[in-house]
Amino acid sequence: MGYGEDVFKGAIADKYLKKEGLKLADLEDYSWINDASKPDKIAKAMLSWALDKGATSFCHWFQPMTSTFRHGDTGQVQMSMLEFERDGTTTFELKGKHILFGETDGSSYPNGGMRATHTAGGYLAIDPSSPVFLRDDCMFIPACFVSYKGKALDEKTPLHRAHQSMSKQGARLFKHLGFEVTGMVNNIGLEQELFFIPREAYERRMDLQFTGRTVLGKMPARGQEGCDHYMAPINVAGPAMACMKEIQQQCYKLGIPLKTRHREVAPNQYEFAPEFGSVITQTDQNLVVMQICEEVASKHGLVALLQEKPFAGVNGSGKHNNWSISTLCGAQLLNPGDLTQRSGNPEIFPIVMSAIVAAVDEYGDLMRLAISSPGNDFRLGAMEAPPSVISTYLGTQMTAYLKDFMEGNVYEYKPATTPVDLGVDIMPVVHAPAEDRNRTSPFPYGGHRFEFRAVGSSQNVSMVNTVLNAITAKYFATISDRIEAGEKPVHVAQDLLKKHYKVIFNGNGYDPKWPDEADKLGITHIDSGVEAINKLVDPKNVAMFKEMGVFDEEECAARREILLEGYIGTIEMEVGCMIDMINQYAIPSAKAAGINTSAMAEGVTKLKAGLAGIHAAKDNFESAKLCRILRLETMIEVRKTVDEVEAECPANLWSYATYKELLFLDSGKFK
């Protein structure tokens with residue numbers, strides 16, 4: 001295995017580019033896309049590389065606004081690179097025009113009304129910042145996807161827009177602060193949680209196959225009570241270890257630095273995590289990782305479940321989005337020592353922090369929107385993921401420092417470590433950082449980064465980072481505007497902290513009293529993902545996105561509709577599965593065991609009535625609100641009835657796979 005051997009970058013790309021009279025620097029200077037002399041040469045180099053690797057087709061690889069169960073969460077049309085001559089011979093050909101642009105149907109993907117069958121054009125453009133890669137016999141060209149009028153039909157284009165805005169506004173602000181930089185980059189690291197379960201049992205669960213989660217199922221005698229799964233040894237004799245090793249090997253060939261693997265809290269739950277990288281590349285790579293997990297698992301007799309809450313009664317899965325910013329010259333904005341050393345200005349760090357604190361406070365509703373995947377309904381605030389109150393944890397030292405700064409005491413922030421003596425002479429002294437870990441905060445600071453902990457495991461993180469970059473850009477711009485109007489930078493930052501300091505919360509986010517306290521403080525608290533989705537068209541949010549060049553009114557409205565449609569469709573599928581599983585499996589099993597089935601039949605009637613109400617709603621927002629009630633109230637009530645019957649029914653008569661069969665790979669099969 002050669003790390004990165006299936007990615008057109010670095011030394012590999014340089015070798016083929018030199019044959020065409022170019023060098024690696026030409027590829028890494030993204031302006032090559034507008035230089036008429038280079039695209040044909042770069043395409044020819046890519047073709048030679050692909051053919052040497054056995055690839056004979058290519059595609060533009062894009063990220064439609066799916067919000068569905070699309071495999072890989074991406075779109076593509078694979079085209080052979082063979083050209084068929086009139087004399088019956090063939091030759092391989094790839095030109096600059098082939099890699100730069102593509103065109104496809106924009107109306108058959110979720111588009112929120114921005115495309116229709118009679119106005120269906122969708123246009124693809126290469127993303128030169130994300131490397132081309134190979135899988136099987138195809139070369140994948142990462143691309144943006146827009147409509148005939150330039151409206152974003154994908155997840156990648158808005159992320160680029162927001163990132164560009166953050167870079168420009170960050171450079172603008174730093175110039176005012178005496179530190180001239182050419183731009184900024186957002187780096188992220190994604191911790192991908194998932195479940196591996198036996199394929200044989202999965203194939204006896206309609207709900208898992210159609211929706212990714214179990215809508216019925218009695219908890220077994222053992223769950224995660226002993227905390228014995230978290231970071232326990234991975235069974236080297238079992239299929240999970242072999243599966244994870246192969247996933248890592250495939251990722252390494254694609255240049256994906258999947259560094260970490262370990263068990264997570266729930267039975268059969270695991271995690272992969274890569275090293276940090278640019279937000280564009282990391283987002284693309286995470287989509288590839290999820291697809292590889294699903295595909296490799298099947299080779300090992302397993303299924304990879306990426307949905308946020310596949311099982312009731314045990315922890316669900318998230319995807320922690322570790323987030324930082326650096327200048328293009330390498331200064332780390334969230335590392336106070338590094339930033340001060342490189343800039344020579346100790347006031348820059350608290351000014352940056354004031355912008356982020358203000359952004360979290362004012363646009364907490366957009367942060368909540370960004371994590372409103374259907375599966376997160378069951379995670380947020382459930383003692384396994386942060387609550388639906390959007391606050392930030394900064395730790396005692398930085399909080400005290402910013403309070404001092406806010407009150408007029410301006411000095412350099414120098415966080416102190418704390419020696420921790422283990423009480424054993426031969427052991428080294430541990431030096432604890434300035435901040436403890438607060439796993440109950442949705443957006444804690446630590447280790448020179450913020451961690452957006454509430455992101456769902458199945459999500460494409462583009463929208464998450466579009467929001468984070470856009471709101472940060474907005475407050476970088478706000479500070480610059482005020483400086484240009486004559487205010488002193490420090491005074492602006494102090495004023496922002498006075499207005500938004502309330503959003504800093506270093507306490508226990510799982511405390512039942514905290515949501516009420518947050519409400520009194522005026523901090524964003526939105527329990528309903530449906531209500532959060534609706535915030536996308538709030539006038540202040542539309543205005544911010546327009547000002548930062550990310551979305552216009554039509555794009556905001558379209559994405560709202562797509563998210564609502566995705567939520568409604570998910571619940572419709574879940575309810576349909578529940579009805580079918582009760583009628584086709586649970587009731588016949590109970591009858592065979594001589595158990596009364598009337599309560600289950602009544603449950604089916606309630607579910608059908610709930611669906612009818614959803615379909616009769618006046619619009620998608622009202623329909624989605626009814627879906628949430630049906631899902632979190634009626635379905636849970638009906639599930640309780642069915643699970644009680646399962647508990648009574650002899651195991652040999654129960655027809656769909658039980659939690660005992662699904663959740664314990666290392667313990668053998670249960671029936």
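Scanning the range 13-29 turns up no residue that is farther than 30 Å from Gln209 by Cβ, open to solvent by 50 Å² or more (accessible area, probe 1.4 Å) and touching a residue at least 40 places away in the same chain (Cβ under 8 Å). Residues in the range 168-225 that are open to solvent by 20 Å² or more (accessible area, probe 1.4 Å) and polar (S, T, N, Q) were compared, and the one that is farthest from Ile483 (Cα to Cα) is Gln209. Of the residues making up the range 110-132, just one is open to solvent by 40 Å² or more (accessible area, probe 1.4 Å) and either closer than 16 Å to Gln76 by Cβ or part of a helix (DSSP H, G or I) (or both), namely Tyr123. Across the range 250-269, the qualifying residues are those that are basic (Lys, Arg) and over 30 Å from Pro220 (Cβ atoms), and the one among them that is surrounded by the most Cβ atoms within 10 Å (Cβ to Cβ) is Lys253. Checked against (1) within 22 Å of Met65 (Cβ to Cβ); (2) open to solvent by 70 Å² or more (accessible area, probe 1.4 Å), Gln584 meets all criteria but (1). The number of residues in the range 275-299 being farther than 16 Å from Ser462 by Cβ and either free of Cβ contacts under 8 Å to residues at least 24 places away in the same chain or surrounded by fewer than 21 Cβ atoms within 10 Å (Cβ to Cβ) (or both) comes to 6.
With a requirement of 2 or more residues that are out of contact with any Asp or Glu (no Cβ under 6 Å at 6 or more places or on another chain), at pLDDT 95 or above and of a type in the set (D, E, K, R), the helices (runs of 4 or more DSSP H) lying completely within the range 198-283 that satisfy it span 199-202, 239-253.
Hey, any hits in the range 307-321 for a residue that's part of a loop (DSSP other than H, G, I, E, B), hydroxyl-bearing (Ser, Thr, Tyr) and either touching a residue at least 40 places away in the same chain (Cβ under 8 Å) or touching a strand residue (DSSP E or B) at 6+ places or on another chain (Cβ under 7 Å) (or both)? Yes: one or more hits. Residues of the range 459-510 that are outside any helix (DSSP H, G or I) and either surrounded by fewer than 21 Cβ atoms within 10 Å (Cβ to Cβ) or hydrophobic (A, V, I, L, M, F, W, C) (or both): Val461, Ala485, Gly486, Glu487, Lys488, Ile504, Phe505, Asn506, Gly507, Asn508, Tyr510.
Scanning the range 511-529 for residues that are open to solvent by 80 Å² or more (accessible area, probe 1.4 Å) and outside any helix (DSSP H, G or I) returns Pro512, Lys513, Asp527.
Filtered by the rule that a residue be touching a His at 6+ places or on another chain (Cβ under 9 Å) and open to solvent by 10 Å² or more (accessible area, probe 1.4 Å), the range 359-386 gives Asp361, Glu362. Exactly one residue out of Ala355, Ala297 is modelled with pLDDT of 95 or more, assigned to a helix (DSSP H, G or I) and under 24 Å from Pro267 (Cα atoms), and it is Ala297. Residue check: is Glu574 more than 30 Å from Asp481 (Cβ to Cβ), out of contact with any Gly (no Cβ under 6 Å at 6 or more places or on another chain) and not in a loop (DSSP other than H, G, I, E, B)? It is true that Glu574 is more than 30 Å from Asp481 (Cβ to Cβ), out of contact with any Gly (no Cβ under 6 Å at 6 or more places or on another chain) and not in a loop (DSSP other than H, G, I, E, B).
Residue-by-condition table, conditions (1) without any contact (Cβ under 8 Å) to a residue 40 or more places away in the chain; (2) at positive phi; (3) in contact with a helix residue (DSSP H, G or I) (Cβ under 7 Å, 6 or more places away or on another chain); (4) not in a strand (DSSP E or B):
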site	(1), (2), (3), (4)
Trp323	no, no, yes, no
Ser326	no, no, no, no
Gly337	no, no, no, yes
Gln341	yes, no, no, yes
Pro346	no, no, yes, yes
Leu422	yes, no, no, yes
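Criterion applied to Ile356, Ile351 was being among the hydrophobic types (A, V, I, L, M, F, W, C), surrounded by 23 or more Cβ atoms within 10 Å (Cβ to Cβ) and closer than 30 Å to Glu308 by Cα, and the one residue passing it is Ile356.
Comparison of Phe545, Phe551 shows that the only residue that is over 30 Å from Asp207 (Cα atoms), assigned to a helix (DSSP H, G or I) and open to solvent by less than 10 Å² (accessible area, probe 1.4 Å) is Phe545. In summary, helices (runs of 4 or more DSSP H) completely within the range 1-66 and bearing 3 or more residues that are at pLDDT 95 or above, more than 28 Å from the chain's Cα centre (by Cα) and over 17 Å from Leu134 (Cβ atoms) occur at 24-28, 39-52. Taking the range 448-488 as the range and being under 27 Å from Pro386 (Cβ atoms), among the small types (Gly, Ala, Ser) and touching an Asp or Glu at 6+ places or on another chain (Cβ under 8 Å) as the test, the residues that pass are Gly456, Ser457, Ser458, Ser462. With a requirement of 3 or more residues that are within 20 Å of Arg560 (Cβ to Cβ), the helices (runs of 4 or more DSSP H) lying completely within the range 583-632 that satisfy it span 620-629. The set of residues in the range 368-418 that are small (Gly, Ala, Ser) and either at pLDDT 95 or above or touching a strand residue (DSSP E or B) at 6+ places or on another chain (Cβ under 9 Å) (or both) comprises Ala370, Ser372, Ser373, Gly375, Gly381, Ala385, Ser388, Ser391, Gly395, Ala400, Gly408. When the range 102-122 is filtered for residues that are touching a Phe, Trp or Tyr at 6+ places or on another chain (Cβ under 7 Å) and in contact (Cβ under 8 Å) with a residue 24 or more places away in the chain, the ones remaining, listed by number, are Thr119, Gly121, Gly122. For the condition farther than 28 Å from Asp538 by Cα, crowded, with 20+ Cβ neighbours inside 10 Å and of a type in the set (D, E, K, R), Glu574 qualifies.
Taking each residue of the range 349-363 that is at negative phi and looking for partners that are open to solvent by 10 Å² or more (accessible area, probe 1.4 Å) and assigned to a helix (DSSP H, G or I) with beta-carbon atoms closer than 6 Å, six or more apart or interchain, yields Ile351/Pro489; Ala355/Tyr475; Val357/His500; Ala358/Tyr475; Ala358/His500; Ala359/Tyr475; Asp361/His500. What do you reckon, is Leu124 at pLDDT 90 or above, more than 19 Å from Asp284 (Cα to Cα) and among the hydrophobic types (A, V, I, L, M, F, W, C)? No. Output the residues belonging to the range 58-102 that are of a type in the set (Phe, Trp, Tyr) and surrounded by fewer than 20 Cβ atoms within 10 Å (Cβ to Cβ). Answer for the range 58-102, where residues must be of a type in the set (Phe, Trp, Tyr) and surrounded by fewer than 20 Cβ atoms within 10 Å (Cβ to Cβ): Phe69, Phe84, Phe92, Phe101.
Can Ala143 be described as open to solvent by 30 Å² or more (accessible area, probe 1.4 Å), under 30 Å from Trp49 (Cβ atoms), at pLDDT 95 or above and not polar (S, T, N, Q)? Answer is no for this residue.
Yes or no: the range 621-628 includes at least one residue that is free of Cβ contacts under 8 Å to residues at least 12 places away in the same chain and open to solvent by less than 70 Å² (accessible area, probe 1.4 Å). Yes, some residue in the range 621-628 is free of Cβ contacts under 8 Å to residues at least 12 places away in the same chain and open to solvent by less than 70 Å² (accessible area, probe 1.4 Å).
The values are calculated or read from the model by the stated rules, or taken from the named source; none is laboratory data. This is a predicted model, so every value here is computed, not measured. No Cβ is skipped: glycine too gets one built from the backbone with ideal geometry, and neighbour counts run over all protein chains shown. Protein only, heavy atoms only, side chains kept; ligands, DNA and RNA dropped before computing areas. Shrake-Rupley method; radii C 1.70, N 1.55, O 1.52, S 1.80 Å.
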